[in-house]
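Reading through the C-alpha cells given below for one structure.
The values are calculated or read from the model by the stated rules, or taken from the named source; none is laboratory data. None of the values given here were measured: they were computed from a predicted structure. We place every Cβ from the backbone using ideal geometry, glycine too, and count neighbours over all the protein chains shown.
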Amino acid sequence: MIPVNKYLERLIETASSLRLDLYLVGGTVRDHFLGKVCSDFDFTAKNVQTLAKRFASETQSPCIPLDNTPDRETLRVVVQKQLHFDFTDMQGQFIEDDLRQRDFSINAMAMRPRDFLQGKKNLIDPNRGLDDLKNKIIRVVPGSTFTNDPLRMLRAFRFASTLGFNISPETIHQIEIDKSKLEQTALERVYYEWVLFLSGEGVFELLQQMARTGFQQYVIPETMELRQSSGVHASVWETGLQTFKKLEDLLSIPKTMIPLPDHAGFLTGRKRALLRFSTLLHGFAPPFSRKACDSKIKIDENSTTVRLLKRLTASNADIRFIFKVIHCQQEVRGSYPEFAQTTCSDSMMYHFSKKYGEELTAGIFLACAVQSASSEKTREKESFFQAVYPLVEFYFQRYLPAMEHKPLITGDDLIRQFKISPSPLFQPILDKVEEERVLGTIKTQKQATAIAQKIIATHNTEQET
C-alpha cells in the first residue's frame with residue numbers, strides 16, 4: 001500500500017503544474033486537529049475538476065462524480081480501497097468566501113496541503129472553528145446556513161452525538177426558528193442523517209434538547225400521535241423517550257451486573273442505531289395477541305411503523321430489523337408468565353431463536369427497556385431480567401453453536417431415500433429434524449431419517465382415512 005503522503009505529494013505537484021491554489025477543507029481539517037487518522041480527504045480550488053481528472057489519470061485511479069450541481073460539482077478519486085480524495089469547486093472568489101458558506105465553524109477551516117504534510121499549524125479559520133473545536137462546541141456559521149440547506153439542523157445533532165460535543169445556544173435558537181424548513185429536504189437525506197445521529201453517544205440528552213425546540217416533530221411527525229400508555233394518554237414520542245432512557249441505562253450496565261447478552265459485539269454501529277429507533281417507535285405496535293404469533297415473521301405493510309419507515313425511504317433490511325425487534329419485544333413480554341414459571345421448554349426457546357435470529361438480542365434488550373419503563377418496583381424489573389435470561393443463554397450457548405453445523409437431512413435426501421416428489425410435507429419434516437438436532441436429541445443422519453419416516457407414515461395414514 002502506497003503511503004497517503006506520496007499521493008498528496010503527487011497531487012500538490014499536479015496542482016502546481018496547473019497553477020491552482022489548492023486547499024484541504026471541511027472534515028479533513030477538523031479530524032486532523034482532533035488527532036484522528038484521515039482516510040477521506042476533501043479539497044477545493046477554482047477549476048478543481050480539471051485537477052481531479054488529471055490526478056486520477058496520473059495515479060490510474062477511478063474518478064467518480066458525486067454531485068453534478070452546476071458550480072458545485074464534486075468528483076471522488078478512489079486512490080486506494082479505504083482512501084478517497086474528494087474535489088469540490090470553490091464557492092466564491094477566495095477560500096474565505098467558501099468557508100463562510102459552510103455549515104458549522106468546526107467544518108469551516110482550511111489549510112494548504114503542503115502545510116498539512118509538514119505538520120504546520122497554518123490555518124485559515126475566519127469563523128474561529130479551532131476555538132470551538134477545543135471547547136467541543138457545534139456552532140452554526142453566521143448567515144443563511146439553515147435556509148440554504150435545512151438538513152444542516154439535523155446535522156448539528158448528528159455532529160454533537162458522533163463527536164461528543166455540545167450545540168451552542170445560538171445554534172439551538174436558530175434551529176427553533178428554522179425547524180419547519182426541514183420539510184423541504186429530501187427524505188432519504190433526512191433518514192441517512194437520522195441513523196448516523198442515533199449511532200452516536202449522549203443521544204438521549206440530545207433527543208430531549210430536540211424535543212424542547214419542537215424540531216423532532218419535523219423529523220418524525222407521526223410520533224406526535226397520542227396513545228394510551230399505562231393508563232395515561234401520551235404521545236408515541238413521550239413513551240418512546242421514557243423507554244429510550246431505560247435502554248441507555250441497560251446498555252451502559254456491565255454484563256457482570258445484569259444477565260443480558262454481550263451486547264458489545266452484537267449491538268454496535270447501525271444495529272444499535274436501529275435498536276434505538278425501535279425504542280422510539282414501539283408505541284405504535286398494537287396490543288400483544290398470542291393468536292397473532294406465527295412461527296414466521298410476516299411484515300405488516302399496513303402497520304404505522306412500516307408505513308413511517310417507507311416514507312423515510314428506509315431500506316427493506318432496516319424495516320425488517322425494526323419490525324422484528326418490536327415484534328420480538330412484544331412476544332417476549334407476552335410470554336413472561338411462562339418464563340417466570342420456568343415452563344418455557346427448550347422447544348419454545350428454539351422457536352424463539354429460529355423466528356427472530358439476529359434480531360433476538362435487540363428484541364430482548366427492548367423488552368427489558370419497555371418493562372423497566374412500565375415497572376416502578378426494582379424487584380419486578382429484576383424478576384423479568386432473570387426470567388428471560390434462559391432464552392438469552394439458550395440462543396448464545398446452544399442455538400448459535402448448533403447453527404455452525406450442517407443439517408442432518410435435506411430435501412434432496414428425502415427425494416432420494418423415500419422416492420417422493422417435493423411437496424408441502426417437506427418443510428415440516430426438515431423443521432422437526434432441525435429442531436431435534438439443535439436440541440441435541442438426535443445426532444446422526446440415521447436418527448433424522450427415522451423421524452422423517454415416522455412423519456411420512458403418519459401423513460400417509462391420515463390421507464388414507
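Miscellaneous remarks
- Test: residue in region 95-104 that is of a type outside the set (D, E, K, R) and under 27 Å from the mean Cα position of the chain (by Cα): yes
- Residue within region 78-88 that is over 24 Å from K121 (Cα atoms) and acidic (D, E) present: no
- Selection within region 406-424 - at pLDDT 90 or above and under 25 Å from M348 (Cβ atoms): K406, P407, L408, I409
- Among the residues of region 138-171, those identified as of a type in the set (A, V, I, L, M) and over 17 Å from L207 (Cα atoms) are V140, V141.
- The set of residues in region 75-95 that are out of contact with any helix residue (DSSP H, G or I) (no Cβ under 6 Å at 6 or more places or on another chain) and under 18 Å from N148 (Cα atoms) contains only T88.
- Members of region 325-339 that are among the acidic types (D, E) and modelled with pLDDT of 90 or more: E331
- Scanning region 39-65 for residues that are within 24 Å of S105 (Cα to Cα) and touching a Phe, Trp or Tyr at 6+ places or on another chain (Cβ under 9 Å) turns up D40, F41, D42, F43, T44, A45, V48.
- Between T449, T444, T361, the distinction of being assigned by TED's automatic domain parsing to the domain that holds Q329 and either hydroxyl-bearing (S, T, Y) or loosely packed, with under 15 Cβ neighbours inside 10 Å (or both) belongs to T361 only.
- Residue in region 379-388 that is over 30 Å from P337 (Cα atoms) and buried (at least 17 other Cβ atoms within 10 Å of the Cβ) present: no
- Restricting region 432-441 to residues that are of a type in the set (V, I, T) and touching a residue at least 24 places away in the same chain (Cβ under 8 Å), the residue that is surrounded by the fewest Cβ atoms within 10 Å (Cβ to Cβ): V438
- When V236 is tested against (1) β-branched (V, I, T); (2) within 21 Å of the chain's Cα centre (by Cα); (3) at pLDDT 95 or above, just one condition goes unmet, and that condition is (3).
Matching residues to (1) modelled with pLDDT of 80 or more; (2) crowded, with 17+ Cβ neighbours inside 10 Å:
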residue	(1), (2)
P259	no, no
F266	no, no
K271	yes, yes
L281	yes, yes
R290	no, no
N302	yes, no
K310	yes, no
T313	yes, no
F323	yes, yes
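- Residue that is on the phi > 0 side of the Ramachandran plot and either at pLDDT 90 or above or within 32 Å of the chain's Cα centre (by Cα) (or both), where the choices are K81, K136: K136
- Taking every residue in region 352-364 that is part of a helix (DSSP H, G or I) and pairing it with any residue that is of a type in the set (V, I, T), at least 6 positions away or on another chain, the pairs with Cβ-Cβ distances below 7 Å are K355/I297; E359/V325; A362/V325; G363/V325; G363/V332; I364/V332; I364/V388; I364/V392.
- Cβ separations smaller than 7 Å between residues 6+ apart or across chains give the following pairs from region 123-138 residues that are closer than 16 Å to R155 by Cα to residues that are buried (at least 20 other Cβ atoms within 10 Å of the Cβ) and of a type in the set (F, W, Y): K136/F165; I137/F165; I138/F104; I138/F159; I138/F165.
- Unique residue being closer than 30 Å to L250 by Cα, of a type outside the set (S, T, Y) and out of contact with any Pro (no Cβ under 9 Å at 6 or more places or on another chain) when the list is K432, K381, K419: K381
- T44 closer than 16 Å to I12 by Cα, among the hydroxyl-bearing types (S, T, Y) and either crowded, with 20+ Cβ neighbours inside 10 Å or without any contact (Cβ under 8 Å) to a residue 12 or more places away in the chain (or both): yes
- Residue match in region 150-166 (condition: surrounded by fewer than 17 Cβ atoms within 10 Å (Cβ to Cβ) and over 23 Å from K271 (Cβ atoms)): no
- Number of positions in region 51-62 that are closer than 27 Å to D98 by Cα and either surrounded by 15 or more Cβ atoms within 10 Å (Cβ to Cβ) or not assigned by TED's automatic domain parsing to the domain that holds T14 (or both): 5
- The criterion of at least 2 residues that are touching a helix residue (DSSP H, G or I) at 6+ places or on another chain (Cβ under 8 Å) and aliphatic (A, V, I, L, M) is met, among helices (runs of 4 or more DSSP H) falling completely within region 143-230, by 151-163, 169-178, 187-198, 203-213.
- Residue that is farthest from F204 (Cα to Cα) [pool: residues in region 124-137 that are part of a helix (DSSP H, G or I) and among the aliphatic types (A, V, I, L, M)]: L130
- Any hit, region 410-431, residues being touching a residue at least 60 places away in the same chain (Cβ under 8 Å) and part of a helix (DSSP H, G or I): no
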